[in-house]
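Chemist: Mind looking over this structure? Questions follow.
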Amino acid sequence: MSNLKEILIKKKSCKSVWFMRQAGRYLPEFRNLRNKNPDFINLCLNSELSSKITLQPIERFDLDSAIIFSDILMVPYALGQDVKFSKDLGPELSKFNVDMFLDNNEKIFSKKLEPVYKAINITRKKLDKKKTLISFIGAPWTILVYILNLKKNKKDLDVNKLEDKKLNLDLVIKELIKYLCIHINNQINAGADVVQVFDSWAGLIPENKIKEYCYLPNLEIINFCKKNKIPNICFPKGIKQKYEEFNNFVKPDGISLDPEVDPTWAKNNLKNVVLQGGLAPQVLLKNDKEMIEGATKYIKAFKNVPYIFNLGHGLLPETDPDKVMKLIKFYRNFDE
């Protein structure tokens, strides 16, 4: 059994492999399309091209799962914020207007994202029925980082903005959770099998706010998934040994590990959950011997426990696709 949905439901040990950002800049076939479509948001809203990009790594590598080509910032876009992607600068969002944000409409929100759901529907029809189609959202905290422009740099946030009472932060988070759950439901109804919740900036949450901004919002979303029988994976990147507390509190079906989490520690401390990933994406930039050694560490650590082979973050743009193929073949042929 390699179907990711079945693994998450039954929590059985078996071989399954896919990669975060597997449809992206490291593939020449993607770059060809991207060069012809410079507006990233419009590309995500082009259902045919989004589906085509989603299937590119499946056609090249025969991975066990496809993850829909989209972005976590499609939600702020659908909630009325201008979102632009500039080369080398990343995403840029217009100034957050709390009154406009709280005046959104569920039907308009879903209508704006209809092309994303159409892309999922197209992909599900083209994808082998044995393969899993993954949808995703950004966790509320990570979305907040972007919509409030909290990032000073990759390691620091302007947390003072969170103290602004005019922001009505509790209500903003509540609204975000509502619309994120709508987005999950719409993606599943369109044909997705699983949802992954990316809390990419969880590691930057102030120590005394981790429960408020990370555990509780993720719990609400996972409870929604469980209520609706939606298999789910959480990725609270950067929280180190708080992974254990997160797992015990939120109780997701699966949990993605970042490279800072020791695999042996994870095996011993993260219980009743399917483990995923962990291998640093930079390992694929090294020579074959070092790459294989890195992969072997994770494969051996997670022997006889439910584990999905993946990376600890997304594939890097400079990754050689041939190295990806070598890694996949090594994993599939690994026999201790």
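Chemist: Within segment 112-131, can one find any residue that is surrounded by 14 or more Cβ atoms within 10 Å (Cβ to Cβ), modelled with pLDDT of 95 or more and assigned to a strand (DSSP E or B)?
Modeler: No; the residues of segment 112-131 include none that is surrounded by 14 or more Cβ atoms within 10 Å (Cβ to Cβ), modelled with pLDDT of 95 or more and assigned to a strand (DSSP E or B).
Chemist: Please enumerate the residues belonging to segment 66-100 that are at positive phi and either among the small types (Gly, Ala, Ser) or assigned to a helix (DSSP H, G or I) (or both).
Modeler: Initially, segment 66-100 is screened for residues at positive phi, giving 80, 88, 90.
Those that are at positive phi and either among the small types (Gly, Ala, Ser) or assigned to a helix (DSSP H, G or I) (or both): GLY80, GLY90.
Chemist: Give just the number: which of (1) over 19 Å from ASP103 (Cβ atoms); (2) free of Cβ contacts under 8 Å to residues at least 40 places away in the same chain does LYS174 not satisfy?
Modeler: (1)
Chemist: I've got another one for you. Could you check LEU216 against (1) over 12 Å from ALA139 (Cβ atoms); (2) free of Cβ contacts under 8 Å to residues at least 12 places away in the same chain and say which number it fails?
Modeler: Condition not satisfied by LEU216: (1).
Chemist: Here are LEU8, LEU55, LEU63: which of them is over 16 Å from PRO321 (Cα atoms) and either in a loop (DSSP other than H, G, I, E, B) or of a type in the set (A, V, I, L, M, F, W, C) (or both)? Can you show your working first?
Modeler: On the way: LEU55 fails: over 16 Å from PRO321 (Cα atoms); LEU63 fails: over 16 Å from PRO321 (Cα atoms).
Going through LEU8, LEU55, LEU63 in turn, the sole match is LEU8.
Chemist: Within segment 159-175, is there a residue that is closer than 18 Å to TYR77 by Cβ, surrounded by 20 or more Cβ atoms within 10 Å (Cβ to Cβ) and at pLDDT 95 or above?
Modeler: Step one: filter segment 159-175 for residues closer than 18 Å to TYR77 by Cβ, giving 172, 175.
Okay, now just the ones that are also surrounded by 20 or more Cβ atoms within 10 Å (Cβ to Cβ), so none.
No: zero hits.
Chemist: Just give me the residues in segment 261-271 being of a type outside the set (Gly, Ala, Ser) and either under 24 Å from GLU6 (Cα atoms) or free of Cβ contacts under 8 Å to residues at least 40 places away in the same chain (or both), in sequence order. Spell out the reasoning first.
Modeler: Initial filter on segment 261-271 (of a type outside the set (Gly, Ala, Ser)): 261-265, 267-271.
Passing the criteria: ASP262, PRO263, THR264, TRP265, LYS267, ASN268, ASN269, LEU270, LYS271.
Chemist: How about segment 1-51: which of its residues are of a type in the set (D, E, K, R), surrounded by fewer than 18 Cβ atoms within 10 Å (Cβ to Cβ) and in contact with a strand residue (DSSP E or B) (Cβ under 6 Å, 6 or more places away or on another chain)?
Modeler: Scanning segment 1-51 gives a single hit, LYS11.
Chemist: Another question about this same structure. For segment 272-311, give me the residue count where each residue is touching a residue at least 60 places away in the same chain (Cβ under 8 Å) and either in a helix (DSSP H, G or I) or in contact with a Leu (Cβ under 6 Å, 6 or more places away or on another chain) (or both).
Modeler: 4
Chemist: While we're here: Can you name the residue in segment 262-271 that is charged (D, E, K, R) and in a loop (DSSP other than H, G, I, E, B) and, of all such residues, is farthest from SER13 (Cα to Cα)? It would help to see each step written out before you state the result.
Modeler: Keep residues of segment 262-271 that are charged (D, E, K, R), which gives 262, 267, 271.
Of the ones still in play, those that are also in a loop (DSSP other than H, G, I, E, B) are 262, 271.
Numbers: ASP262: 19, LYS271: 13 Å.
Among those residues, the one meeting the criterion is ASP262.
Chemist: Could you tell me how many of the residues in segment 132-156 are assigned to a loop (DSSP other than H, G, I, E, B) and of a type in the set (A, V, I, L, M, F, W, C)? First the steps, then the outcome.
Modeler: Going residue by residue through segment 132-156, those that are assigned to a loop (DSSP other than H, G, I, E, B) are 139, 148-150, 152-156.
Applying the additional criterion that residues be of a type in the set (A, V, I, L, M, F, W, C) yields 139, 148, 150.
Total meeting the criteria: 3.
Chemist: Okay, moving on. Out of curiosity, is LEU49 of a type in the set (A, V, I, L, M), within 14 Å of VAL116 (Cβ to Cβ) and not in a loop (DSSP other than H, G, I, E, B)? Working first, answer last.
Modeler: Values: of a type in the set (A, V, I, L, M): yes; within 14 Å of VAL116 (Cβ to Cβ): yes; not in a loop (DSSP other than H, G, I, E, B): yes.
Against the criterion (of a type in the set (A, V, I, L, M), within 14 Å of VAL116 (Cβ to Cβ) and not in a loop (DSSP other than H, G, I, E, B)), LEU49 qualifies.
The values are calculated or read from the model by the stated rules, or taken from the named source; none is laboratory data. Quick caveat, the model's predicted, so the values are computed rather than measured. In this analysis, Cβ positions are derived from the backbone assuming ideal geometry, glycine residues included, and neighbour counts consider all displayed protein chains.
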